[in-house]
1. Does segment 148-197 hold any residues that are part of a strand (DSSP E or B), in contact with a Lys or Arg (Cβ under 7 Å, 6 or more places away or on another chain) and within 22 Å of VAL220 (Cα to Cα), and which are they?
2. For segment 89-104, what are the residues that are in contact with a strand residue (DSSP E or B) (Cβ under 7 Å, 6 or more places away or on another chain) and within 13 Å of the ligand (Cβ to nearest atom)?
3. Considering segment 137-157 alone, what residues qualify as being farther than 17 Å from HIS191 by Cβ and under 18 Å from the mean Cα position of the chain (by Cα)?
4. Looking at this structure, is PHE6 closer than 17 Å to GLN214 by Cα, within 16 Å of the ligand (Cβ to nearest atom) and aromatic (Phe, Trp, Tyr)?
5. Residue pairs, Cβ under 8 Å, 6 or more apart or interchain, first in segment 105-126 and within 23 Å of ALA75 (Cβ to Cβ) and of a type in the set (Ser, Thr, Tyr), second at pLDDT 90 or above and surrounded by 10 or more Cβ atoms within 10 Å (Cβ to Cβ). List them.
6. Pick from ALA75, ALA49, ALA41: which is within 14 Å of the chain's Cα centre (by Cα) and closer than 25 Å to ASN217 by Cβ?
7. List the number of the failed condition for LYS174; all other conditions in (1) buried (at least 16 other Cβ atoms within 10 Å of the Cβ); (2) modelled with pLDDT under 95 hold.
8. With respect to GLU152, is the statement that it is touching a strand residue (DSSP E or B) at 6+ places or on another chain (Cβ under 8 Å) and either charged (D, E, K, R) or on the phi > 0 side of the Ramachandran plot (or both) true?
Amino acid sequence: AIKTDFNGKKVMITMGPTQEALDPVRYISNHSSGKMGLALANTFLSRGAEVFVFSGPISLRVNKNSFHWQDVKSAKEMYMASSEIHDQMDICVFAAAVADYAPAEIYPEKIKKSDSTLSIDLVKNVDIAAKLGAKKKHNQVHIGFALETENEAENARRKLTKKNFDMIVLNSMKESGAGFQLDTNKVHIFHASGLTVESDIAPKNQIASLIVDQIKNIPVWI
Ligand code: PMT
């Protein structure tokens, strides 16, 4: 049977990397492919939700017409676009790998090669999840992700609190078959309520189903 348990729900998903321009031809970014975010978008769609996607630059094949889809590049752009619709959302999923810093200035021309070293000043980007988390209403659900290389659980729990998430999904980076770019993932889910859930290594669409199922355990949902 087709599950339509998210019928009538509005879901926002940030996904993919952000690109922070340095000059007209260069940028700072990361390895996010958008696969995890897209798997979540498809899962919510198939379960009846209306899905609003803000995606950094990705090269996946997507039927954008199935969604309210907006392509963005920088963290600033992702923030401006998502904050505009945030208060109408029932569920927000922050799956994007947002660059924490951006070049302090965008050079108008291609930076020329001259000295043997080159320094670039970076400034902190807006934290989209934290900003929107600060104005989360009692009936909204926020789900975050965490990508850590050390003290994984501790850092994930700290982000859960700091960004006011109801649930955070920690990618097990130490696990082969988990994290960036791959078609599979292995995650640890930490609820704000204290409940924790661990997955096996599985295709990202199965991980997405598990994450979506876990929303049922969030108190505001019951
Ligand atoms: O795209 P794939 O190749 O499939 O890989 C998926 C993924 C590993 C990128 C994804 O599952 C994931 O973990 N995304 C978040 C990675 C990350 O940037 O984590 P973080 O620990 O830096 O950020 C914590 C949370 O705050 C995340 O929900 C992030 O979206 C959010 N954040 C972070 C910084 C910022 N400036 N704004 C944010 O909203």
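1. Of all residues in segment 148-197, those part of a strand (DSSP E or B) come to 167-171, 184-185, 187-191, 196-197.
Pick out the ones that are also in contact with a Lys or Arg (Cβ under 7 Å, 6 or more places away or on another chain) and you get 168, 184-185, 190.
Hits for segment 148-197 are ILE168, PHE190.
2. Taking segment 89-104 and keeping what is in contact with a strand residue (DSSP E or B) (Cβ under 7 Å, 6 or more places away or on another chain), we get 89-97, 99-104.
Scanning segment 89-104 gives CYS92, VAL93, PHE94, ALA95, ALA96, ALA97, ALA99, ASP100, TYR101, ALA102.
3. Hits for segment 137-157 are LEU147, GLU148, THR149.
4. Numbers: closer than 17 Å to GLN214 by Cα: yes; within 16 Å of the ligand (Cβ to nearest atom): no; aromatic (Phe, Trp, Tyr): yes.
Taking the combined requirement at face value, the residue does not satisfy it.
5. TYR107/LEU22; TYR107/ASP23; TYR107/PRO24
6. Numbers: ALA75 fails: closer than 25 Å to ASN217 by Cβ; ALA49 fails: within 14 Å of the chain's Cα centre (by Cα).
Only one candidate qualifies: ALA41.
7. Among (1) buried (at least 16 other Cβ atoms within 10 Å of the Cβ); (2) modelled with pLDDT under 95, LYS174 violates only (1).
8. Details: touching a strand residue (DSSP E or B) at 6+ places or on another chain (Cβ under 8 Å): yes; either charged (D, E, K, R) or on the phi > 0 side of the Ramachandran plot (or both): yes.
When the stated conditions are applied, GLU152 passes them.
The values are calculated or read from the model by the stated rules, or taken from the named source; none is laboratory data. Worth saying up front: this structure is predicted, and the values here are computed from it rather than measured. All Cβ positions, even for glycine, are placed from backbone atoms using ideal geometry, and neighbour counts span all protein chains on display.
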